[in-house]
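First up is the structure itself, then whatever we jot down about it.
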Amino acid sequence: MINTILWDVDGTLLDFKAAEYAAIKSLFKVFGLGECTDRMVARYSAINDGFWKRLERNEISKKQVLVGRFEQFFGEYGIDTELAPAFNEQYQQSLGDTIVYRDDSLQIVKDLRSRVKQYVVSNGTIAAQTKKLQRSGFGALMDGVFLSEEIGVEKPNAGFFQEVFRQIGPSDLSSVLIVGDSLTSDMQGGINAGIRTCWYNPDGLPAPRDKKPDFVISNLHQVRDCLG
């Protein structure tokens with residue numbers, strides 16, 4: 001029986017791609033950089049994903065992710081890379097300007113409050129996630145919020161989850177479920193932590209043959225079926 005859910009935010013509770021798209025487009029106008037085409041946004045997104053994967057493998061620091069992704073992106077399009085730090089700083093705030101819920105996620109979290117404890121577990125920055133959680137309403141609904149930038153360790157490292165459990169103190173790890181869209185961050189993190197894993201897979205991607213998640217769902221409403 002699951003009595004605790006650890007929720008990922010970006011790509012799970014909230015549509016990160018929508019927020020990313022809007023933030024990049026708007027900041028190109030703010031910085032006077034001309035038009036940012038959809039193809040450019042797609043290229044940035046790919047660069048960004050690559051940097052976060054390197055962070056998950058402990059190859060680079062969070063600071064190198066946040067600035068380095070824009071330095072590479074700007075460099076590829078002939079934009080002054082010296083703008084990267086300032087652009088990133090405003091980008092963190094802009095990400096919270098666009099709130100798009102996945103699969104009625106807000107109502108789902110509300111409905112589950114009487115049934116389980118719920119916590120946010122995210123690698124997103126404090127600046128970005130604080131604004132998102134406040135504007136989306138999730139901050140007020142959760143029993144707690146755990147951000148890797150505050151903890152000092154990123155998902156999927158076991159140390160991240162050890163700190164979460166130190167604070168929430170579950171009596172049985174088998175009663176804890178992590179729900180997220182990332183195989184490398186959320187699902188691997190859950191495996192490292194020894195808890196149940198639920199892969200949110202709305203695109204119907206093939207599940208990995210090794211280290212399979214305990215549950216695979218295509219819609220967040222199906223989380224209810226995983227609770228036992």
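The values are calculated or read from the model by the stated rules, or taken from the named source; none is laboratory data. Quick caveat: nothing in here was measured; it's all calculated off a predicted structure. In this analysis, Cβ positions are derived from the backbone assuming ideal geometry, glycine residues included, and neighbour counts consider all displayed protein chains. All accessible areas refer to the heavy atoms of the entire protein, side chains included, with ligands and DNA or RNA removed. Shrake-Rupley method; radii C 1.70, N 1.55, O 1.52, S 1.80 Å.
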Worksheet item: Which sequence of 135, 39 reflects their accessible areas, 1.4 Å probe, from the largest down?
Response: 39, 135
Discussion item. Contact order normalised by length for the stretch 57-168, with contacts defined as Cα pairs under 8 Å and 6 or more residues apart; what percent is it?
Written reply: 20
Worksheet entry | Reachable lysines from residue 117, criterion Cα separation under 30 angstrom, eight or more residues apart if same chain | 17, 53, 62, 131, 132, 155, 211, 212
Worksheet entry | Relative contact order of the stretch 26-73, pairs being alpha-carbon contacts under 8 Å that are 6 or more residues apart, as % | 34
Practice prompt. Could you tell me the distance between the Cα centroids of the stretch 63-129 and the stretch 21-42, to the nearest Å?
Written response: 16
Discussion item. If each residue of separation counts as 0.36 nm, what is the full-extension length gain between residue 97 and residue 77 once their alpha-carbon separation is subtracted?
Written reply: 4.6 nm
Item to complete: Before anything else, pin down the relative contact order of the stretch 118-178: Cα pairs under 8 Å, at least 6 apart, normalised by residue count, whole percent.
Response: 32
Discussion item. For residue 172, what accessible surface area do you get with a 1.4 Å probe? Give it in Å², rounded to 10.
Written reply: 70
Practice prompt. Name the most mobile residue of 155, 63, 131, meaning the one with the largest mean-square fluctuation, in a Gaussian network model of the chain with Cα contacts below 10 Å.
Written response: 63
Worksheet item: Where in the stretch 47-75 is the amide nitrogen less than 18 Å from a point lying 7 Å along the Cα-to-Cβ axis of residue 39?
Response: 47, 73-75
Response to the item:
Listed residues 149, 71, 59; largest mean-square fluctuation, Gaussian network over the chain with Cα springs below 10 Å, found at 59
Item to complete: Rounded to the nearest 500, what is the 222 nm mean residue ellipticity of the chain from helices alone, with -39500 (n - 2.57) per DSSP H run of 4+ residues and division by all residues?
Response: -13500 deg cm²/dmol
Worksheet item: If ligands, DNA and RNA are left out, what is the accessible area of residue 104 with a 1.4 Å probe, given in Å² to the nearest 10?
Response: 100
Response to the item:
Note: the stretch 95-160, point scatterers on Cα, Debye, no solvent; log10 I/I(0) at q = 0.16, 0.27, 0.28 Å⁻¹ equals -0.57, -1.20, -1.23
Practice prompt. For the stretch 75-125, state which trypsin sites (Lys or Arg not before Pro) are in a DSSP loop and have at most 13 other beta carbons lying within 10 Å of their beta carbon.
Written response: 113, 115
Worksheet entry | For the stretch 47-60, 3J(HN,Hα) per residue [Karplus equation, 6.51 cos²θ - 1.76 cosθ + 1.60, θ = phi - 60°, Hz, x = Gly/Pro] | 4, 4, 4, x, 5, 5, 5, 5, 5, 4, 8, 6, 8, 9
